[in-house]
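Student: I am attaching a structure below and will ask some questions about it afterwards.
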Amino acid sequence: MTVAPSAAATRAATAARPRDPDIIATIGSTPLVALDRLFPPARFQVYGKCERFNPGGSIKDRAARSMIEHALSTGALMPGISTVVESSSGNLGIALAQLCNFYRLDLICVVDPRTTAQNAAIMRAYGATVESVDRDPETGEYLPSRIRRVRELLSTVPDAYWPNQYGNEYNARAHQHTMREIHEALPQAPDYLFLAAGTTGTLRGCAEYIAAEGLPTQVVAVDAVGSVIFGPPEPWESRHRRTIPGHGAAVVPALLRPGLEDRVVKVTDLDCVRGCRALLAKESILAGGSSGAVMAALLDSSSWITPGATCVAILPDGGDRYLDTIYSDSWVESRFG
């Protein structure tokens, strides 16, 4: 005679069984692919870390998960009660919308006109409320206006919580794991790491891992012309106005620390377009604007990269959200001639 297990035994067995992976568990472990067609390996080897394969489509999934799950673990966020309020130009808003939908949290995302209609629609599909602001009248930039609106919402929305991607340590901590993945995927540490700087979370997290492990990797931060992250812009930079989001900032991020980067390379919006289209033409990779910025920086840096070196380029997102801009001939022609 077969004896059915007791309810207590069933519960114990269930608790001991590994939890099945959910969609959030798929964040990270993105592929590292050789870019041999765009960068012939006879000169130096280049690999691309393809962050578009995160479930929300970008590297921002890592930061969103790290910040939200830390806030949940400390009680700063309560499922079914709390409202997350954040400023984003696109990808972080989508990443947060996915996380908030999963954990039963409300989200208000403050964006600006650079945020595409598609990105805003994706956020709304996850259940987020999307608010758009205009340029700050004093600086002519969007970020100060977005932050001001976030602060207004924090004072009026009950149980509101601001992850503050520009100052949240758990944004940076997420990218210690990003660098660990790169390190463990290669026979030895890369000689150069090229990454786009915005909130500087990726920069700081990767640089801290490199320092902690004693790696010889030099970090090349790719910034936008006109950005203030690494110091006041040169006078000539005032002729350029940034329209492609994802890198650069109008305010120095609180996460930034001196000496994280070994070198800074600045690129224009047109450089981003050229980088994206070169990556598509040579490697068949449809990448986003900040990925194009990193590619443009690598192409411009070939004269000083040590022959035989190994380089890794972090490609933050895919290009499917830029079809009406970077990959539209009419959009490019209207802005750059």
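Student: Select from Thr156, Gly226, Leu77 the residue farthest towards the positive end of the dipole of the chain; place +1 on Cβ of Lys and Arg, -1 on Cβ of Asp and Glu, and compute about the Cα centre.
Tutor: Going by the Cα projections, it comes out as Leu77.
Student: Next question. With the radius of gyration and the Kirkwood radius both derived from the Cα set of the chain, what is their ratio Rg to Rh?
Tutor: Rg/Rh for the chain comes to 1.01.
Student: Right, next: Which whole-Hz couplings ³J(HN,Hα) result when phi for each residue of segment 191-200 is put into the Karplus expression 6.51 cos²θ - 1.76 cosθ + 1.60, θ = phi - 60°, listed in order with x for Gly and Pro?
Tutor: With coefficients 6.51, -1.76 and 1.60, one gets 6, 9, 10, 9, 8, 7, 9, x, 6, 6 Hz.
Student: Please tell me the relative contact order of segment 34-183 in percent, rounded to the nearest whole number, where contacts are Cα pairs under 8 Å and at least six residues apart.
Tutor: Value for segment 34-183: 24 percent.
Student: May I pose another question? Can you list residues from other chains, or at least 5 along the same chain, whose modelled amide H is less than 5 Å from the amide H of Val219?
Tutor: It is Leu193, Asp262, Arg263, by chain and number.
Student: Hey, quick one: spin label on Asp300, modelled 7 Å out along Cα-Cβ, who in segment 242-268 has an amide N within reach, i.e. under 18 Å?
Tutor: Only 242-250, 261-268 fall inside the zone, counting backbone N under 18 Å.
Student: Please give the helix 91-102 orientation as an angle from the longest Cα principal axis of the chain, in degrees from 0 to 90, rounded to the nearest 10.
Tutor: Roughly 10 degrees, rounded to the nearest 10.
Student: A further question on this structure: Solvent-accessible area per residue for the chain at a 1.4 Å probe radius, Å²?
Tutor: Value for the chain: 45 Å² per residue.
Student: Return a whole-number percent for the relative contact order of segment 256-337, with Cα pairs under 8 Å and 6 or more residues apart as the contact set.
Tutor: 29 percent
Student: Measure nothing fancy, just the Cα-based angle from helix 143-156's long axis to the longest principal axis of the chain, in degrees from 0 to 90, nearest 10.
Tutor: The angle comes out near 20 degrees.
Student: Further question: How much length is gained on full extension from Glu184 to Arg239, taking 0.36 nm per residue of separation minus their Cα-Cα distance?
Tutor: 15.6 nm
Student: Applying the Karplus parametrisation 6.51 cos²θ - 1.76 cosθ + 1.60 with θ = phi - 60° to the phi angles of segment 219-234, what ³J(HN,Hα) value in whole Hz is obtained for each residue in order, glycine and proline being reported as x?
Tutor: Each residue's phi maps through the Karplus curve to give 9, 10, 8, 9, 10, 8, 4, x, 6, 10, 4, 9, x, x, x, 5 Hz.
Student: Then there's this: Which angle from 0 to 90°, rounded to the nearest 10, does the C-alpha axis of helix 7-16 make with the longest principal axis of the chain?
Tutor: On a 0 to 90 degree scale, this one is about 20.
Student: Moving to a separate point now. Search the structure for amide H atoms under 5 Å from the amide H of Thr268, placed 1.01 Å from N in the peptide plane, and list their residues when 5 or more places away or on another chain.
Tutor: Amide H neighbours of Thr268: Val225.
Student: While we're here: Modelling each spin label as a point 7 Å along the Cα-to-Cβ direction, I'd like the Phe53/Ala125 distance in nm, to one decimal.
Tutor: Reported label-point gap for Phe53 and Ala125 is 2.2 nm.
Student: Ranked from the most accessible area to the least, with a 1.4 Å probe and all protein chains present, what is the order of Leu77, Leu215?
Tutor: Greatest to least solvent exposure: Leu215, Leu77.
Student: Taking 22 Å as R0, compute the FRET efficiency from the Cβ-Cβ separation of Ala211 and Leu72 and round it to 0.05.
Tutor: 0.15
Student: Run through segment 136-211 and list the GluC sites (Glu not before Pro) located in a DSSP loop whose Cβ has at most 13 other Cβ atoms within 10 Å.
Tutor: Loop-located and lightly packed - Glu138.
Student: Need the list of lysines near Lys49 for cross-linking: C-alpha distance under 20 angstrom, and skip anything on the same chain fewer than eight residues off.
Tutor: Lys60, Lys282
Student: What does the C-alpha gyration tensor say about the overall shape of segment 111-171? Classify as rounded when a/c is under 1.5, otherwise prolate if a/b is larger than b/c, or oblate.
Tutor: rounded
Student: Tell me the mean residue ellipticity at 222 nm calculated for the chain from its helices only (DSSP H runs of n ≥ 4, each -39500 (n - 2.57), averaged over every residue, nearest 500).
Tutor: It comes out at -11500 deg cm²/dmol, rounded to the nearest 500.
The values are calculated or read from the model by the stated rules, or taken from the named source; none is laboratory data. What you are looking at is a predicted structure, and each value in this text was computed from that prediction instead of being measured. Using ideal geometry, Cβ is built from the backbone for each residue, glycine included, and neighbour counts are taken over all protein chains shown. Surface areas here come from the heavy atoms of the whole protein model, side chains and all, with no ligands, DNA or RNA. Shrake-Rupley method; radii C 1.70, N 1.55, O 1.52, S 1.80 Å.
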